[in-house]
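Derivation of every value follows stated rules applied to the coordinates shown; laboratory data play no part. Quantities reported herein were computed from a predicted structural model and do not represent experimental measurements. Note that each Cβ is placed from the backbone with ideal geometry, even for glycine, and that neighbours are counted across all protein chains shown.
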Amino acid sequence: MKKWILLILVVMLFAALPAFGASKTVILATTTSTQDSGLLDVLVPMFEKESGFQVKTISVGSGQAMKMGEKGEADVLLVHSPDAEKKFMTDGFGATRRLVMHNDFVIVGPAADGAKVKGTTGSLAAMKVIAQSGAIFASRGDNSGTHAKEKTLWKGAGINPEGQKWYQQTGLGMGQTLNVAAEKKGYSLTDRATFLALKKNLGLVILSEGDSKLLNIYHVIELNPVKSPKINSSGGKAFADFMISKKTQETIGRFGVEKFGAPLFFPDAGKNPASLGL
């Protein structure tokens, strides 16, 4: 009888081991800009050292990151597509959504600027002259936060680029899409952080910036364990709390200053969203 009890205990112990091991891994689904800019190369080791969790980062567009969240394939999200995020929360997939940081989008293109984008007033005018010139525009076309912003700009400019020869959707991340624009001497919409991190090898320049419509805001979202009971909710909460902590926010505010002379992201935790136009 004692042998049977011992055998059962051993089986239960080994059955519990994978679950125990998995609880120390946090799956972060995040936009490509946080990866391509190098920000996560700084923040993830900090979090791992402080928390004891190990982070598995999956860098995709914000839309795809939220799809992963809906399926319970991630434990926490770091994304920048506000309208889609609000729907995600309304549909009950998120437990909390907290403001982390912002930067901005810029419209880039070749220094020769054949479409005459530089000098236009605002991002909508810039998009309009690109379309009218027939110059190549490289779009991510991946339902990312950047792609969502781009579609909003086209709509605001009164242009439907779908099916146009000059409009080329890559289905790739921001860094790769910028490479396509560079190779074809075309234009693109990009977050400033990724562009600055990669511009040395691109041969592209910023041609339109500073428009309030180009604001790029990031939130960290904890997933709802009721919708996805198998997620590591404690790990997800630990990462979300880390992102809005004072130390992390200070690190975000310094990131990029040494290399570029200015921060690539601006910390926003604790701010009133209305102050950013949300």
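Shown in residue order for the range 194-208 are the 3J(HN,Hα) couplings computed by the Karplus curve 6.51 cos²θ - 1.76 cosθ + 1.60 at θ = phi - 60°: 5, 4, 5, 5, 10, 4, 3, 9, 9, x, 9, 10, 6, 10, 8 Hz (x for Gly and Pro). Modelled spin labels at Q132 and K200, positioned 7 Å past Cα toward Cβ, are 3.8 nm from each other. Restriction of the trypsin sites (Lys or Arg not before Pro) in the range 56-149 to DSSP coil positions whose beta-carbon has at most 14 other beta-carbons within 10 angstrom yields K71, K116.
For P161, neighbours were defined as the other residues whose beta-carbon sits under 12 Å from its Cβ, and their charges (Lys and Arg +1, Asp and Glu -1) total +2. Cβ-to-Cβ counts within 10 Å put W154, W166 in ascending order as W166, W154, the fewest first. Please state the shape class of the chain: rounded when a/c is under 1.5, otherwise prolate if a/b exceeds b/c and oblate if not, all from the C-alpha gyration tensor. Cα axes put the chain in the prolate bin.
Annotation: the residues S139, S144, S275, S51, sorted from fewest to most other C-beta atoms within 10 Å of their own C-beta, follow the order S275, S51, S139, S144. For a straight C-alpha distance cut-off of 23 angstrom, the lysines reachable from K49 (same-chain residues fewer than eight places away being disregarded) are K24, K237, K246, K247.
Among A238, G203, L189, pick out the residue whose Cα is farthest towards the positive end of the charge dipole of the chain, where Lys and Arg carry +1 and Asp and Glu carry -1 on C-beta, about the Cα centre. Going by the Cα projections, it comes out as A238. Under 5 Å from the amide H of T57 lie the amide H atoms of L28, each residue being 5 or more positions distant or on a separate chain, with H modelled from the backbone and absent for Pro and chain starts. For the range 104-214, the relative contact order is 47 percent, taking Cα pairs closer than 8 Å that sit 6 or more residues apart in sequence and dividing their mean separation by the residue count. Helix 2-22 and the long axis of the chain differ in direction by around 10°, with both axes built from C-alpha atoms. Seen against the Cα atoms of the chain and their longest principal axis, helix 145-156 is set at about 40 degrees.
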